[in-house]
Amino acid sequence: MATRTDAPTRREQILREAARLFAERGFHGVGVDEIGAAVGISGPGLYRHFPGKDAMLAELLVGISERLLTGAKRRLEEADGVPSEAVLDSLVEGHIDFALDDRPLITLHDRELDRLRDSDRKLVRQLQRQYVELWVEVLRAVYPGLAEPAARSAVHSVFGLLNSTPHLGRPGSLPGRAATASLLHRMARGAFAAAGE
């Protein structure tokens, strides 16, 4: 299994470029030849890695949902399963990493989720519900007076805030990754604190 320090595999390169191109021009606006050219192989060469564009889209959207949920579970497990302020901060930091580093996937999810096969779309929704419920559990532990429906609304609202990064301008126009991450973190925690009052 590749780690963050390993060079991306050809499959990972294809997925990254497919996400970028789909986000820029829409799923139907991009052909396999363009994706192949972006990674230096022929369009038909992509079929050695994926049966088609639909499979790439499914792997991108199911994959990010799985990655977010796995990361959130790991953060909670590292705290011995005890929700706390530190776990909430860690969850926020993990989602900010996604929101800043995988901006094309946010755009792709917003625009193209309905293009997935029913089974893949249902799997994405199931994974997302589990991710939300983990956040709700942690949030209610930090703010015990927060009712479950309000906590769920607060989590969805903070996701909306954090997932707005594709609308913040081009990556070079942001004040810098660290400053943007810090701002998003303060805003997310401020929103949760307001909900918990």
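The values are calculated or read from the model by the stated rules, or taken from the named source; none is laboratory data. All values derive from a computational prediction rather than experimental measurement. Ideal geometry is used to build each Cβ from the backbone, glycine not excepted, and the neighbour counts take in all protein chains shown. Areas reflect the complete protein model, heavy atoms only, side chains present, ligands, DNA and RNA absent. Shrake-Rupley method; radii C 1.70, N 1.55, O 1.52, S 1.80 Å.
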*residue 9 accessible area, assembled protein chains, probe 1.4 Å, Å²*: 60 Å²
*When the helices in the chain are scored as -39500 (n - 2.57) per DSSP H run of 4 or longer and the sum is shared across all residues, what 222 nm value do you end up with, to the nearest 500 deg cm²/dmol?*
-23500 deg cm²/dmol
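From largest to smallest, what semi-axes in whole angstrom does the range 109-195 give when each is the square root of 5 times an eigenvalue of its alpha carbon gyration tensor? Intermediate values should be presented prior to the final figure.
Details: eigenvalues 112, 110, 15 Å².
Each semi-axis is √(5λ); the values are 24, 23, 9 Å.
If I stretch the segment between residue 113 and residue 186 completely, what's the gain in nm (0.36 nm per residue apart, minus their alpha carbon distance), one decimal? Kindly include the intermediate steps, with their values, before the conclusion.
Values: separation 73, 0.36 × 73 = 26.28 nm, distance 2.96 nm.
This chain segment gains 23.3 nm when fully extended.
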*Just 129, 48, 20 to compare: in a GNM of the chain, with alpha carbon springs under 10 Å, which one fluctuates most?*
48
*How far is helix 85-101 tilted, in degrees, relative to the longest principal axis of the Cα atoms in the chain, given as a value from 0 to 90 rounded to the nearest 10?*
20 degrees
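Label the range 91-157 by shape, choosing from rounded, prolate and oblate, from the square roots a ≥ b ≥ c of the eigenvalues of the Cα gyration tensor; if a/c is under 1.5 it is rounded, and otherwise prolate applies when a/b is larger than b/c, oblate when it is not.
Working: a/c = 2.76, a/b = 1.61, b/c = 1.72.
Oblate shape, in that a/c is at least 1.5 and b/c is the bigger or equal ratio.
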*With axes computed from alpha carbons, what is the tilt in degrees of helix 103-112 against the longest principal axis of the chain, rounded to the nearest 10 within 0 to 90?*
80 degrees
_Given points 7 Å out from each Cα along the Cα-Cβ axis, report the residue 164 to residue 121 separation in nanometres with one decimal._
2.8 nm
*In the range 35-175, what is the volume of the convex hull around the alpha carbon atoms, normalised per residue and reported in Å³?*
140 Å³
*Over all alpha-carbon pairs in the range 51-127, figure out the percentage whose distance exceeds 17 Å.*
50 percent
*Return the distance in nm (one decimal) between the two label points of a simple spin-label model at residue 86 and residue 177, each offset 7 Å from Cα along Cα→Cβ.*
2.5 nm
*Which three lengths, in whole Å and largest first, does the range 1-69 cover when its Cα atoms are put on their principal axes?*
30, 22, 21
*Between 0 and 90°, nearest 10: helix 177-196 axis offset from the chain longest Cα axis*: 40 degrees
